[in-house]
Amino acid sequence: MYLLKFDWNPITGIDIAGNFKLHFYSVMWIVAFLLGWYIMKRIFTREKINLDYLDPLFIYTVLATMLGARLGHVLFYQSELISQDFFSIFLPFRFNPEFEFTGFQGLASHGAAIGIIIGMYLYRRKYKYKSLMWILDRVVIPVASGAIFIRIGNFINSEIIGKVTDSAFGVRFIQDFYGKRQIVAETGIQDYKDAYAAVTKNPQFQNLLDAVPYRHPAQLYESFCYIFVFLILWYIYTKTQKSEQTGFLFGAFLVMLWTIRFFVEFVKEPQGEEYITMMGLNTGQMLSIPFIIIGLYFMFIYKPKTKS
């Protein structure tokens, strides 16, 4: 059965000048943030909140997400960057082994979640129109929508790939299997973009294509599931009384998103220096469990001391 099996070998961006390139992955982040801003504007308008508070919230969210995601990736998956290429942690460049504009790559969703919570705490300290939990209950709705596009960006980049499979959903990630230098060496075509293209278009290189295994498109599994996380949160917020229960939306978001992440990890390749940690669970799964527990707490136990 070959329901969805296909070869994935796209261009990942548009060359601007020299080593500078507009990465489609970066475009997905921009789409996620802009859509998030629009959703929060609707929420503010619906609840008659002064829109002057919206743009500062947007800035805090963007900075907290990007810093948290980047630091989370480095700490959880690629700590060797601290000693080997320190400035690449904070800048969209790689300096080792050679200088290259990479865009902001290597971002961890666990770090982003922690960063957003800290960012909202700092935002609430300055803007006191509502409680911290009121903000968190609402900001998770656009965050869920943004997660859809981030995983699509990962798919475009052929990163966070799944394990080898013979299922009907397998995808051959050409650019993950062959590095730029290797594909040039294997094909003899000096421009790596032409070399990649030749693998899937030129029968002469069929042997190179045959060597690439089919893998689970784990990124698309997550992206598809996150659509339902967003829709469920939006339904709870607009159609049910649970939206008035402080902490419920925040907790529901944590439980749904990290449960999805926990199970998708079973078909996902380890990231960076990730390793099996306990009872057959990997780092991503172990980091997801505390978020799920915290989410259950806010859904069923948490009682606010003061009203929002």
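What the table below lists for this structure:
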| item | result |
| --- | --- |
| Structure-derived Rg and Dmax of the Cα atoms in Å - corresponding label in (1) 31.7, 103; (2) 21.0, 70; (3) 17.5, 55 | (2) |
| Listed residue pairs exceeding 21 Å between alpha carbons, taken from 41/303; 130/242; 128/239; 41/128 | 41/303; 128/239 |
| Charged-residue dipole, Cβ positions (Lys, Arg, Asp, Glu), segment 35-83 about Cα centre, Debye nearest 20 | 240 debye |
| Chain lengthening between residue 37 and residue 181 when straightened (0.36 nm per residue, less Cα-Cα) | 47.8 nm |
| DSSP loop trypsin sites (Lys or Arg not before Pro) with at most 11 other Cβ within 10 Å excluded, longest remaining stretch of the chain | 129-304 |
| With Cα atoms, 0 to 90° folded angle of helix 132-156 axis to the chain main axis | 10 degrees |
| For residue 172, distant residues with modelled amide H under 5 Å away | 6, 7, 8, 215 |
| Residue order, fewest to most beta carbons within 10 Å, for 286, 256 | 286, 256 |
| Segment 155-308, relative contact order [Cα under 8 Å, separation at least 6], % | 25 percent |
| Cβ-Cβ FRET estimate between residue 244 and residue 297, R0 fixed at 22 Å, reported to 0.05 | 0.75 |
| Charge dipole of the chain about the Cα centre (unit charges at C-beta), most positive-ward option of 9, 131, 34 | 131 |
| Amide H contacts under 5 Å for residue 21, placed H, 5+ residues apart | 16 |
| Cα→Cβ-extended label distance, 7 Å offset, between residue 75 and residue 224, nm | 3.4 nm |
| Dipole of segment 242-303, positive direction: furthest Cα of 253, 290, 300, with charges on the beta-carbon | 300 |
| Estimated dipole of the chain in Debye, rounded to 20 [Cβ of Lys and Arg +1, of Asp and Glu -1, Cα centre] | 1680 debye |
| Computed over the chain: relative contact order in percent, which uses C-alpha pairs under 8 Å that are six or more apart | 21 percent |
| With Cα atoms, 0 to 90° folded angle of helix 192-201 axis to the chain main axis | 80 degrees |
| C-alpha long axis of helix 283-300 to longest principal axis of the chain, angle in ° | 20 degrees |
| Assigned charges on the beta-carbon of Lys, Arg, Asp, Glu; segment 143-217 dipole about Cα centre (debye) | 140 debye |
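Only the coordinates and a few stated rules stand behind these numbers; no lab work does. Here the structure is a predicted model, which means the values were calculated and not measured. As a convention, Cβ positions derive from the backbone with ideal geometry for all residues, glycine included, and neighbour counts pool all protein chains shown.
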